[in-house]
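Comments concern the structure below.
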Amino acid sequence: MALLPPTPPGIVGVAGRVAEPVDVRSADLRLGGRPLPVLSPARVYVCGITPYDVTHLGHAATFVWADVLGSVLRLAGAEVVTSRNVTDVDDVLTRAADARGRHYDEFALGQEFAFEQDMRALGVRPPTHAPRARHHIAHVQQLAAALLRAGQAYEREGHVFFRGAGAAASSGLSADRARELAAEFGDEPDDPLREDPFDVPVWRASGERDPAWPSPWGWGRPGWHAECAAMATATLGHGVDVLVGGADLAFPHHAHQVAMAEAASGVAPFARSRVQVGAVSQDGAKMAKSTGNLTLVADLLRVTTGPALRLLVLDRPWSQPWEYRPELLETASGRLDALFSAAGRPGWSPAASRAVADRLFDDLDVSGALDVAISDGGDAARQLVRVLALG
Ligand code: ZN
C-alpha cells in the first residue's frame, strides 16, 4: 500500500516553530452528485471481468473510468488502494471452456492475459490487488457461515441462500423488473428451493461438471455476488470508499454484494460512494458478449491509439449511456491533438491548474477539464495530460 511521505518528529519549543508553508494537498470530491470527503487510504473496488471472452469497448469504459477515478483521488491528496477482481469461477466461464474442450482454469488464464494486454494498451494502471475468485473460496465459506449464524441465510440441499428480498426492495426497481434482471443475470428467481425469489446463493452445490470444493454443506462453489463481497472485504476491509462497475451491475450484482457484506460484518454502508459507468451501445442495442453486438478494444487499437480511445470514453459524463459510432474516433483524436497543442504552449498559471483540478473534482468532469486546459494551455494542460494518462 502506498503511504504518505514520512513526517519528521514534531517540534518541541516555540523557538523552533519557524513560519513555513505547509502543503496540505487535500480536496473533496463530488461523486454521483454527492460530496465524498477524501481521506487516505481511498479504497476503490472495481468489479472486474469474467475471463471467457475478449474485451469490448463497454468493458474498457468501466476500467478506464476506474483508472481516472484513482488518478483524481491521488490529485486530491489521497493514497489510493484499488482492487479489481477476476471472476474466474463462474458457470458462464465453465460452459465457454467446456465448449472449447478446455479446462476452465487454464482457459481463464489465457483470456486474462489478453485482457491485461488491452488494459496496458489503454494505459490503465494495474490495480493494487487483483483477487481471483479461486483464491477466495475459504473467504466465501466464512461469509456463508457468518450469514447463517446471523439468520441472514439458510441452507437447502447443499446450497446456502442469502435472504435478498431487502436488497431487491431497496433497489428502486419494480418487483417485476427486479425479477427480470435477476433471471437475466443467472440468479434463478424461479428455483423452488428458495424461500423468496430474490434469495441468492452464497454457496452452490456443484454437479459433476462444475468446479467443486469441499465445504460444511457438501462439495460446491461460490455464488457470483458472494465472490465479490468476499474478495472486496478480503483485500480492502469491511468497507470501501468507491464501488465501481458497469451500470448493468447495479442490480442484482452490486445490490446483493453490498447487502451480504453489510449483513455479515455489521458495517454499513459498505460503499461510501458508487460509480456505475453508463452502458455503451452500438446499432441501437447494448454492447454485449451474449448478443455479439460489440466492438473489440483490440480491433479499435488497430485503427487508433490508446490515448485517443481513452479520450473517446472519457470526454462525456461517466454515468451517461452512449452509442459508439466510428466517426467518434475522429472527434476524440481531434480533442487529443488540441490538448497536446495546448500542453506545448509555454506558461504556468496556478489558477488555471486549479480550475482544471476543480472540474475533475466535480464528478470527474473530464469534458469540462479539457475545455479549460485547451483554452488556457501551458502547465494546466500538461497536468491534465498526466492525470488522464494520455502522454
Ligand atoms: Zn463484482
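The values are calculated or read from the model by the stated rules, or taken from the named source; none is laboratory data. Just so it is clear, the model here is predicted, and its values are computed rather than measured. Glycine also receives a Cβ, built like all others from the backbone with ideal geometry; neighbour counts cover every protein chain displayed. For accessibility, only protein heavy atoms count, side chains too; no ligands or nucleic acids. Shrake-Rupley method; radii C 1.70, N 1.55, O 1.52, S 1.80 Å.
Within the range 37-56, restricting attention to residues that are of a type in the set (A, V, I, L, M, F, W, C) and at pLDDT 95 or above, which residue is farthest from the ligand (Cβ to nearest atom)?
Taking the range 37-56 first, the residues of a type in the set (A, V, I, L, M, F, W, C) are 38-39, 42, 44, 46-47, 49, 54.
Filter once more, so that each one left must be at pLDDT 95 or above: 42, 44, 46-47.
Working: A42: 19, V44: 13, V46: 8, C47: 3 Å.
My answer is A42.
Looking at G292, G306, which one is of a type in the set (G, A, S) and buried (at least 17 other Cβ atoms within 10 Å of the Cβ)?
On the way: G292 fails: buried (at least 17 other Cβ atoms within 10 Å of the Cβ).
Unique residue meeting the criteria: G306.
Are any residues in the range 232-271 among the acidic types (D, E), farther than 21 Å from F161 by Cα and free of Cβ contacts under 8 Å to residues at least 40 places away in the same chain, and if so, which ones? Show your work before the answer.
The initial filter retains those residues of the range 232-271 that are among the acidic types (D, E), namely 241, 248, 262.
Next, only the ones that are farther than 21 Å from F161 by Cα stay: 241, 248.
Across the range 232-271, the qualifying residue is only D248.
Could you tell me whether A167 is farther than 17 Å from V44 by Cβ, touching a residue at least 60 places away in the same chain (Cβ under 8 Å) and within 16 Å of the ligand (Cβ to nearest atom)? If you could, list the steps in order and put the result at the bottom.
Working: farther than 17 Å from V44 by Cβ: yes; touching a residue at least 60 places away in the same chain (Cβ under 8 Å): yes; within 16 Å of the ligand (Cβ to nearest atom): yes.
Yes: the conditions hold for A167.
Please go through the range 59-86 and give me each residue that is outside any helix (DSSP H, G or I), of a type outside the set (D, E, K, R) and over 20 Å from L296 (Cα atoms), ordered by number.
First, the residues of the range 59-86 that are outside any helix (DSSP H, G or I): 76-86.
Those left that are additionally of a type outside the set (D, E, K, R): 76-78, 80-83, 85-86.
Hits for the range 59-86 are A76, G77, A78, V80, V81, T82, S83, N85.
Inside the range 232-251, can you point out the residues that are more than 11 Å from the ligand (Cβ to nearest atom) and either modelled with pLDDT under 95 or not hydroxyl-bearing (S, T, Y) (or both)? It would help to see each step written out before you state the result.
Looking only at the range 232-251, we keep the residues that are more than 11 Å from the ligand (Cβ to nearest atom), and these are 233-242, 247-248, 250-251.
Listed by number, the residues that qualify are A234, L236, G237, H238, G239, V240, D241, V242, A247, D248, A250, F251.
What is the number of the single condition among (1) within 13 Å of the ligand (Cβ to nearest atom); (2) surrounded by fewer than 23 Cβ atoms within 10 Å (Cβ to Cβ) that A229 does not meet?
Of the numbered conditions (1) within 13 Å of the ligand (Cβ to nearest atom); (2) surrounded by fewer than 23 Cβ atoms within 10 Å (Cβ to Cβ), the odd one out for A229 is (2).
Taking helices (runs of 4 or more DSSP H) that do not extend beyond the range 322-391, which have at least 1 residues that are aromatic (F, W, Y) and touching a strand residue (DSSP E or B) at 6+ places or on another chain (Cβ under 6 Å)?
350-361
Restricting attention to the range 157-174, which residues are out of contact with any strand residue (DSSP E or B) (no Cβ under 9 Å at 6 or more places or on another chain) and farther than 10 Å from F198 by Cα?
Pass one, the range 157-174, residues out of contact with any strand residue (DSSP E or B) (no Cβ under 9 Å at 6 or more places or on another chain): 165-166, 168-174.
Listed by number, the residues that qualify are S170, S171, G172, L173, S174.
Here's the yes/no breakdown for (1) open to solvent by 50 Å² or more (accessible area, probe 1.4 Å); (2) aliphatic (A, V, I, L, M):
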site: G207; (1), (2): no, no
site: P211; (1), (2): no, no
site: T233; (1), (2): no, no
site: V242; (1), (2): no, yes
site: D248; (1), (2): yes, no
site: Q257; (1), (2): no, no
site: S273; (1), (2): no, no
site: A279; (1), (2): no, yes
site: A285; (1), (2): no, yes
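Please enumerate the residues belonging to the range 87-122 that are more than 30 Å from A212 (Cβ to Cβ), part of a helix (DSSP H, G or I) and open to solvent by less than 50 Å² (accessible area, probe 1.4 Å). Outline the logic, then answer.
Taking the range 87-122 and keeping what is more than 30 Å from A212 (Cβ to Cβ), we get 117-122.
Filter once more, keeping what is part of a helix (DSSP H, G or I): 117-121.
Hits for the range 87-122 are D118, M119, A121.
Report the residue count in the range 309-331 for those that are touching an Asp or Glu at 6+ places or on another chain (Cβ under 9 Å) and open to solvent by less than 10 Å² (accessible area, probe 1.4 Å).
Adding up the residues that qualify gives 1.
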